[in-house]
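First comes the structure, then the notes that go with it.
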Amino acid sequence: MARYALKRLLLVVPTLFLVSLFVFAIVRAIPGDVVDMMLEQLQYGRDAADLRAKLGLDRPVVEQYLTWAGQVLTGDLGQSLWTNRPAAADIAARFPVTITLSLLSIAVSLLVALPVGILAAVRQDTRGDYAARSLAIAALSVPNFWLATLIVVIPSFYWNWAPSVGNFQGFSQAPAGYLGQFVLPALCLGITQAGVIMRMTRGMMLEVLRQDYVRTARAKGLGPRGVTLRHALRNAMIPIVTVIGGQMPFYFGGSIVMEHIFGLPGMGSFVLEAISRRDYPVIQAVNLFVAVLVIFSNLLVDISYGALDPRIRQGE
Amino acid sequence: MDMSATGGIGRRDFLKVAAGTAAVAVAPRAAWAQQPKRGGVLKHVGLEPPTFDIQATVSYQTQLISSFVHRQLFKFVNGATYGASDFTRVPDLALKAEVSKDGKIYTIALRPGVRWEQRAPVNGREVVAADVKYSMERALKKSPYASLLGQVEGIETPDKRTVRIHLADAFAPFLHNLAEPWNAILPPEVEDKLGDFKAAESLVGCGPFVLERYEPGVKAVFARNPNYYDKGLPYLDKVEWLFIKDRSTQLSLFRAGQVDIPFYDARIPRGDVGSFKRSNPAYPIVFWDWLANRTLAMRTDKAPFNDVRVRRALSMAVDRKKWVAQYLDGQGFEDHGSVPAPMREWKLPAKDLGEGARYLEHNPALAKRLLAEAGFPNGMKVKCTHWPGYGPEYVEDLELLAFNLKQVGVELQIVNEEYGNYIRGSFLGKFDEMSWGPSSIFTEVDGYLYNFYKTGQPNNRSHVADTQLDVLLDAQRRYLSKSSRKKVIDDIQRLTAEKAYYVYTPYPKNVSAWTPRVKNYGPKNSFDRGAQLEVVWLDKA
């Protein structure tokens, strides 16, 4: 298992190198130049070449990349061109919000999708199954931003009530209040992603429930709960875990919209502003950080295969 | 030097300033039906700025937030009894100002006893002339608005409460522009300590409020400054300036009474007025004059827009009367031109524009004839850049403009641009054929004239290069007497209407609302939010 994990870990190095190249290049491919924008916003009509030199943007791109990569390797993600604040400090301040929202959304997805998916499979072609499948399709069809907007707008229109937004509390101030302000955005984000997991769970469970070893387990006299949860579900989980791992970027992406609507000070609004201001170091830092998170979450998924299926461990 | 100030802006204007001061001190407070109450927290949807340095940006977000803490030498009147475009100037940190006969030397006496807030590094020390000199010199060196101070040759501080400013030439908008938030007085110790004013910690001032807390991405909380020179103000204990970005969320919180003011200028969408009247009948809803022009800019430096007949045809294609009556329900301005309609003291009515008045009238037949004479009998196709992010109302306006132009055979091909490209390109005249959008807001008429028409100015989007106009634009800056200046500005309006360098499209009045507990609030075409809110009070704190 350790060798398997180490091998996967080593593969992260070239992946990160490619990601860093991509991130660096794509930021500079965004139409519009930070120098023009700063001249417009800060000192328009003055010397563009001088500003370009001050920002270090007059040097060859390769040299700029090497300087940036060298800084990143020493843990320095750079400074905002606009505020001079270290990007790492801003990420550290905002990441807990995004990760809390993402994790709670995943929890909502799993809490809804797994039981409903299992029940739908166990009671195939019953009314419950049809209802579950309809629910999954509805969840897949409803855009999360639309659902969130309805949740915010409709009660205010009819009952003069709106969820509390703009009074963000930190975890250290009020732990319950901190988690409470994520309930609605996590529901919106989690429900819409639950449809995918629900369909996958039902499909995999149906396949596994028809396997010989499940029949054998039943023949041994095991109760339906034990067969379904201990034998069938565990074997059905590998593709489901893969889907959840693959959805990580969607959770991060979806959190941008939820943060915007529910006024949460996460990385979403931060990176959107950075993009609109062409704040290269911040965009690079956030993208690289998210890329690392996604890579490591996929690594965790890979490692969990070994935990779920001993044959994978033995194969290594 | 004659300090009796008998000419130009001198005595007369400063008597006005003094009268304005008296008016602010007595009239509005006496006029309020209810006695102002102290206390309470005002929840105001605001905007988070890219930087807190007012002298290093044109960002209005920065001006709005910093105005809670910083003060200028002068300010504009505020409160429910004043109009949104009433820019009557009253002393703020200044006590009085005098100008020499030739308009080149301003002597400003500072209000005694004004103190910086009780916080390091200023620790409540007195605001002195050296602070004004420092701030003004820094603005001249760093601010993108520096040209709006005229040509400052030097600043003296004969004593700690007197500042003397020497200009190379008379500059009529000088005192007015000293009341703009980007001209606030800053304490030099902050730059010495922090290196710049970019961070929120640099918000140290002598204004009505002090920054209590800044939570990036969430809000800034301002508390009453106990050291404020006007001991009765502000009435509010605190203002929470909330960085809520989503418009639907802003309006929902407002409907639910969770915020008192739903946007940085209390605006609500025109289309939502009816639903607000139903869901929140007690909320005051007011229409008010907005100052930002909406213009179709053209490359007048090249064909086909270097032909005045084409430009006039485009202007005559717009049915402004119908636009305002039907589309804006009468709540807008059709009589539009180089001076915005709400600037009533400078605005020349259409009937007095001479020949140019013809080109503001809807006359599709004449428009088609002019186009034919210019070599476009079958009309033309034109690319028009635009940033759709201004909002759906702007997109609808542009579609309406395109519909109007199509009636005379001009097909507008709308090119939607990303904000970065728009603001660094089209907004500064970098487009191929046409561009449509709103202007920045200026509180002095010079902003709409000099910036839009003077050869080589960055905001001269239509690439106007007209020697006659340039002479007039320079002259209106030099005439200190208001009546003389008005004559020049009238001539500018006639000339610009005749030449039709821009097609001005009608624009709506703004509509704003606030919760019923907010009293003495009046929408304002200024970014000095601190001055606006220092006179506001809450009925039920």
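The values are calculated or read from the model by the stated rules, or taken from the named source; none is laboratory data. On a predicted model such as this, the values are computed, not experimentally measured, just so you know. Ideal geometry is used to build each Cβ from the backbone, glycine not excepted, and the neighbour counts take in all protein chains shown. All accessible areas refer to the heavy atoms of the entire protein, side chains included, with ligands and DNA or RNA removed. Shrake-Rupley method; radii C 1.70, N 1.55, O 1.52, S 1.80 Å.
General observations
- In summary, helices (runs of 4 or more DSSP H) completely within the stretch A:123-226 and bearing 2 or more residues that are over 26 Å from residue A:255 (Cα atoms) occur at A:127-141, A:144-159, A:183-209, A:212-219.
- If you check B:214, B:228 for being surrounded by 17 or more Cβ atoms within 10 Å (Cβ to Cβ) and touching a Gly at 6+ places or on another chain (Cβ under 8 Å), only one passes: B:228.
- Any chance residue B:113 is surrounded by fewer than 23 Cβ atoms within 10 Å (Cβ to Cβ) and under 23 Å from residue B:243 (Cα atoms): no
- Candidates are the residues of the stretch B:412-449 that are farther than 14 Å from residue B:292 by Cβ and of a type in the set (Ser, Thr, Tyr); the one that is modelled with the highest pLDDT is B:435.
- Checked against the criterion of being in a loop (DSSP other than H, G, I, E, B) and within 14 Å of chain A (Cβ to nearest Cβ), the candidates B:456, B:389, B:375 yield just one match: B:456.
- Residue in the stretch B:413-453 that is surrounded by the fewest Cβ atoms within 10 Å (Cβ to Cβ), counting only those that are charged (D, E, K, R) and more than 10 Å from chain A (Cβ to nearest Cβ): B:432
- One residue stands out in the stretch A:141-161 among those that are facing chain B (nearest Cβ under 8 Å) and in contact with a Leu (Cβ under 9 Å, 6 or more places away or on another chain): the one that is most open to solvent (accessible area, probe 1.4 Å), namely A:153.
- Only one of B:329, B:352 that is open to solvent by 40 Å² or more (accessible area, probe 1.4 Å) and at positive phi: B:329
- Of all residue pairs spaced 6 or more apart or on separate chains, those with beta-carbon atoms under 6 Å, a first member in the stretch A:54-75 that is within 13 Å of residue A:28 (Cβ to Cβ) and a second member that is part of a helix (DSSP H, G or I) are A:65/A:24.
- The condition of being modelled with pLDDT under 85 and of a type outside the set (A, V, I, L, M) holds for only one of A:226, A:253, A:266, that being A:253.
- Residues in the stretch B:38-81 that are part of a loop (DSSP other than H, G, I, E, B) and touching an Asp or Glu at 6+ places or on another chain (Cβ under 7 Å): B:39, B:40, B:53, B:67, B:71, B:72, B:73, B:77.
- The single condition from (1) at pLDDT 95 or above; (2) farther than 18 Å from residue B:142 by Cβ that residue B:200 fails is (1).
- Residue match in the stretch A:40-57 (condition: within 14 Å of another protein chain (Cβ to nearest Cβ), surrounded by 15 or more Cβ atoms within 10 Å (Cβ to Cβ), modelled with pLDDT under 85 and within 25 Å of the chain's Cα centre (by Cα)): no
- Test result for residue B:292, on the phi > 0 side of the Ramachandran plot, in contact with a strand residue (DSSP E or B) (Cβ under 8 Å, 6 or more places away or on another chain) and more than 9 Å from every other protein chain (Cβ to nearest Cβ): no
- All positions within the stretch B:487-518 that are charged (D, E, K, R) and within 29 Å of residue B:286 (Cβ to Cβ): B:509, B:517
- Restricting the first member to the stretch A:134-160 and to residues that are at positive phi, and the second to residues that are surrounded by 13 or more Cβ atoms within 10 Å (Cβ to Cβ) and charged (D, E, K, R), the beta-carbon pairs closer than 9 Å and six or more apart or on different chains are A:160/B:255.
- Subset tally (residues that are within 12 Å of chain A (Cβ to nearest Cβ), in a loop (DSSP other than H, G, I, E, B), among the small types (Gly, Ala, Ser) and open to solvent by less than 20 Å² (accessible area, probe 1.4 Å)) for the stretch B:231-271: 0
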